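S.K.: What follows is a single structure, and I will ask about it in a moment.
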Amino acid sequence: MTSAPTPFALAHQTVLITGASSGIGAACARYLAPTGARLILAARRLDPLQTLAADLQGQHPVEVLPLVLDVRQPEAVSAAIAGLPPDWQTIDILINNAGLSRGLDKQYEAPLDDWEAMIDTNIKGLLYVTRAVVPGMVARGRGHVVNVGSIAGRQTYPGGSVYCATKAAVKSISEGLKLDLLGTPVRVTNIDPGLVETEFSVVRFGGDADRAKGVYQGMTPLTGDDVADVILFAITRPAHVNISDLLLLPTDQSSMFHIHRRAE
Ligand code: NDP
Ligand code: 8X3
């Protein structure tokens, strides 16, 4: 009889989660809090980070460091990582989750600002954080990077060309990072969720909550918890196991274009 593999222990591991003020990132924090990991929760909004930190610390003996960070600012990113308190400098796990979508306009009509926001956050921001954190992982001989892409990076939909392109870029960046890290123990996981009900669609539609609700109408989307659960699985595999690429869909979704909706 074979025995189950020993999971990778998260106790005392320092985890940086970008986009931790909401949705998938906040769910990752909640899933990691009971594991003994130490959490750096990064986003632009301090209030929700502090509220989340207080909630987690009320429930678990967990160390949490809220970090105000705009991933679009390369100097601010490198200064924030270099300026972490000494006992928080050794980041073992990076969850590159910060991201957003803006609008569903046709490519030949979309506001340029929307493109800048998506490209600067989803591609360049992810790269800036990776560039600031991964050298330390290589030097220490341990680490794991989880990049949150999307099914949108695998299938382009009307009005989504730039958002989809940013997520296709995340997939390429994940593949490239794994290639460049070959020969080191640092692991790379790319996870591409389908529809997840978070603040994502509210942000996409400029605060229009009713339009956002319509995205998930009549179907059961993933929750941030569902994604966090799978990320927790990926980062707790034994050190010689690298889950490279994951597509995670709601049962009601088979592709970008096949969504089962019940009459309500
Ligand atoms: P939310 O809008 O709920 O969360 C997005 C998070 O990203 C927030 O914490 C936000 O914090 C943060 N963020 C946005 N811009 C920046 C920035 N410039 N610097 C730092 N943090 C930033 O959406 P989700 O949780 O759904 O999204 C998380 C990731 O999952 C994104 O990369 C998204 O593309 C991806 N994804 C989402 C899916 C979905 O259907 N929801 C499906 C597939 C992938 P703040 O505003 O405080 O900075
Ligand atoms: C988010 C999923 O389908 O709204 O990446 O683009 S979708």
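The values are calculated or read from the model by the stated rules, or taken from the named source; none is laboratory data. Just so it is clear, the structure is predicted and the values come from calculations on it, not from any experiment. So basically every Cβ, Gly included, is an ideal-geometry build from the backbone, and we count neighbours across all protein chains shown. We work out accessible area using only protein heavy atoms, side chains counted, and drop any ligands, DNA or RNA first. Shrake-Rupley method; radii C 1.70, N 1.55, O 1.52, S 1.80 Å.
S.K.: State the Cα centre-to-centre distance between region 49-117 and region 231-264 in whole Å.
M.R.: Answer, in whole Å: 23.
S.K.: Next up: Evaluate E = 1/(1 + (r/R0)^6) for S244 and H12, where r is the Cβ-Cβ distance and R0 equals 25 Å; express this FRET efficiency to the nearest 0.05. Let's see the in-between values first.
M.R.: Numbers: r = 26 Å, r/R0 = 1.03.
The value I calculate is 0.45.
S.K.: Quote the charge dipole size of region 14-259 about the Cα centre in Debye, to the nearest 20; the model charges only the Cβ of Lys and Arg (+1) and of Asp and Glu (-1). Write down the numbers at each step before the final one.
M.R.: Details: 20 positive and 25 negative charges, 114 e Å.
Roughly 540 debye for region 14-259.
S.K.: Also: Kindly count the pairs of lysines across the chain whose alpha carbons are less than 23 Å apart, treating pairs on different chains or eight or more residues apart as eligible. All intermediate terms of the calculation are to be shown ahead of the outcome.
M.R.: Working: K106/K124; K106/K167; K106/K213; K124/K167; K124/K171; K124/K178; K167/K178; K167/K213.
Qualifying lysine pairs in the chain: 8.
S.K.: Taking only protein heavy atoms and a 1.4 Å probe, what accessible area per residue, in Å², does the chain have with all protein chains in place? Working shown, then result.
M.R.: Numbers: 12510 Å² over 264 residues.
On a per-residue basis, 47 Å².
S.K.: So for the pair R131, T51, with labels modelled 7 Å out along Cα→Cβ, what separation do we get in nm?
M.R.: 3.4 nm
S.K.: Under unit Cβ charges (Lys, Arg +1; Asp, Glu -1), what dipole magnitude, rounded to 20 debye, does region 188-248 have relative to its Cα centre?
M.R.: Values: 4 positive and 9 negative charges, 17 e Å.
It works out to roughly 80 debye.
S.K.: Right, something else. What does the extension gain come out to for E175 and F233, with contour length at 0.36 nm per residue minus their alpha carbon separation? Each step should come with its number before you reach the end.
M.R.: Working: separation 58, 0.36 × 58 = 20.88 nm, distance 1.97 nm.
Taking E175 through F233 to full extension adds about 18.9 nm, to one decimal.
S.K.: Let me ask you something else. For region 78-167, run through the chymotrypsin sites (Phe, Trp or Tyr not before Pro) and keep only the ones in DSSP coil with at most 14 other Cβ atoms within 10 Å of their Cβ. Kindly include the intermediate steps, with their values, before the conclusion.
M.R.: Numbers: sites: W88, Y108, W115, Y128, Y163; in loops: Y108.
Here the sparse-neighbourhood loop sites are Y108.
S.K.: List the chymotrypsin sites (Phe, Trp or Tyr not before Pro) within region 204-264 that DSSP assigns to loop and that have no more than 13 neighbouring Cβ atoms inside 10 Å.
M.R.: Values: sites: F205, Y216, F233, F257; in loops: F205, Y216, F257.
Those satisfying the criteria are F257.
S.K.: Using a 7 Å offset from the Cα along the Cα-to-Cβ direction at both Q89 and Q59, what is the distance between the two label points in nm, to one decimal?
M.R.: Those two pseudo-labels are separated by 3.3 nm.
S.K.: Which angle from 0 to 90°, rounded to the nearest 10, does the C-alpha axis of helix 23-32 make with the longest principal axis of the chain?
M.R.: The angle comes out at about 30 degrees.
S.K.: Counting each DSSP H run of 4 or more residues in the chain as -39500 (n - 2.57), what helix-only mean residue ellipticity at 222 nm follows after dividing by all residues, to the nearest 500 deg cm²/dmol? Please report the intermediate quantities before stating the final value.
M.R.: Working: 9 runs with 99 residues, N = 264.
Value at 222 nm, helices only, nearest 500: -11500 deg cm²/dmol.
S.K.: Measure nothing fancy, just the Cα-based angle from helix 126-140's long axis to the longest principal axis of the chain, in degrees from 0 to 90, nearest 10.
M.R.: Helix 126-140 sits roughly 20 degrees off the main axis of the chain.
S.K.: Roughly how many nanometres apart are two label points built 7 Å out from the Cα toward the Cβ at A263 and A209?
M.R.: Result: 2.9 nm between the two label points.
S.K.: Right, next: For helix 46-59, report the angle its Cα long axis makes with the longest principal axis of the Cα atoms of the chain; keep it between 0 and 90° and round to the nearest 10°.
M.R.: Result, in degrees: 60.
S.K.: Can I ask one more? GluC sites (Glu not before Pro), restricted to region 73-150: which are DSSP loop and have at most 10 other Cβ atoms within 10 Å? Numbers along the way, then the final one.
M.R.: Working: sites: E75, E109, E116; in loops: E109.
Those that pass, being in a loop and sparsely packed, are E109.
S.K.: Given a Förster distance of 45 angstrom, what is the FRET efficiency for V138 paired with T2, based on the Cβ-Cβ distance and rounded to 0.05? Working shown, then result.
M.R.: Working: r = 33 Å, r/R0 = 0.73.
The calculated FRET efficiency here is 0.85.
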